[in-house]
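The values are calculated or read from the model by the stated rules, or taken from the named source; none is laboratory data. These numbers were taken from a predicted model, which means no experiment stands behind them. Ideal geometry is used to build each Cβ from the backbone, glycine not excepted, and the neighbour counts take in all protein chains shown. Please note that ligands, DNA and RNA were not included when accessible areas were found on the heavy atoms of the full protein model with its side chains. Shrake-Rupley method; radii C 1.70, N 1.55, O 1.52, S 1.80 Å.
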Amino acid sequence: MQIYFVRHGRTQYNVERRFQGGAVNSPLVASGIEGAQAAGRYLSAVQFAQVYSSPQLRALKTAEYITAANQWHPTIKLDPRLRELDFGTWDGQLEKDVAPKEQLDFVIHQPERYQPELAGGGESYAEFVQRTTAAVHAAVTTAGVTNPQPILIVSHGLVTTMTIKTLMGVPIADLRAPLVVNGQELTTIGHGIVANDSLTIVETQDNQKFTIKTWNQTDYLND
């Protein structure tokens, strides 16, 4: 079974460098729409067993562009467990303006030390990855682990990156650290997450062990 993860297209909050977690919606900008359409063209001939999306509009709109281009026109199922990490009152604020700065440093560099109750509220990393990995496990179970057709999950930067790392056994303390596979450090953007409109593919034979087949692919965005 393969799971295709696509991060949503670039949004206005991405441009403005605002916190964009589970409590806010920001519209896709033109480049984000174009990227979602490019992802749709690239995946147009893939017959998915199921398509899941975060209910947040930036992810759902991206999923709609992808499925509209798909020759099978699959139905999108919303799963609230795929929402982005909830940053509480930090959501919508400029990254440079949030306080305390110590917690800002923790959320970016030392996730095991991040305490949302001392920041804007919301979720800890442990709470976050518990719900997102549960969503992936449930999707694989529903489709059937031996299903030759892949699953598509359209969600967010942290959802994609941190969920995959957790599924691969990476501890919370290392979720923001570079991921090294077969001696090669996998590329990321910003604070260690995959790019907007990127495709990452993981594979599992038993819904327990997961391996990366494709990571943060964006070459189709330039076609």
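Select, from Tyr52, Tyr65, Tyr42, the only residue that is farther than 18 Å from Tyr220 by Cα and among the aromatic types (Phe, Trp, Tyr). Lay out the reasoning, then the answer.
Numbers: Tyr65 fails: farther than 18 Å from Tyr220 by Cα; Tyr42 fails: farther than 18 Å from Tyr220 by Cα.
Just one listed residue meets the conditions, Tyr52.
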Residues in region 154-170 that are surrounded by 24 or more Cβ atoms within 10 Å (Cβ to Cβ) and of a type outside the set (Val, Ile, Thr) total 4
Select, from Lys96, Lys101, Lys61, Lys77, the only residue that is open to solvent by 30 Å² or more (accessible area, probe 1.4 Å), without any contact (Cβ under 8 Å) to a residue 12 or more places away in the chain and of a type in the set (D, E, K, R). Lys101
Collect the residues in region 183-223 that are open to solvent by less than 40 Å² (accessible area, probe 1.4 Å) and free of Cβ contacts under 8 Å to residues at least 24 places away in the same chain, keeping them in residue-number order. Thr214, Gln217
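For Ala119, are the conditions met, namely being crowded, with 16+ Cβ neighbours inside 10 Å, of a type outside the set (S, T, N, Q) and in contact (Cβ under 8 Å) with a residue 60 or more places away in the chain?
On the way: crowded, with 16+ Cβ neighbours inside 10 Å: yes; of a type outside the set (S, T, N, Q): yes; in contact (Cβ under 8 Å) with a residue 60 or more places away in the chain: no.
No; evaluated as a whole, the condition is false for this residue.
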I'm told Glu112 meets every condition in (1) among the acidic types (Asp, Glu); (2) free of Cβ contacts under 8 Å to residues at least 60 places away in the same chain; (3) open to solvent by 70 Å² or more (accessible area, probe 1.4 Å) except one. Can you identify the failing condition by its number? (2)
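Scan Ala138, Ala177 and give me the residue that is assigned to a helix (DSSP H, G or I) and surrounded by fewer than 16 Cβ atoms within 10 Å (Cβ to Cβ).
Details: Ala177 fails: assigned to a helix (DSSP H, G or I).
Sole residue among the options that is assigned to a helix (DSSP H, G or I) and surrounded by fewer than 16 Cβ atoms within 10 Å (Cβ to Cβ): Ala138.
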Conditions (1) within 20 Å of the chain's Cα centre (by Cα); (2) surrounded by 17 or more Cβ atoms within 10 Å (Cβ to Cβ) -> Asn70 fails only (1)
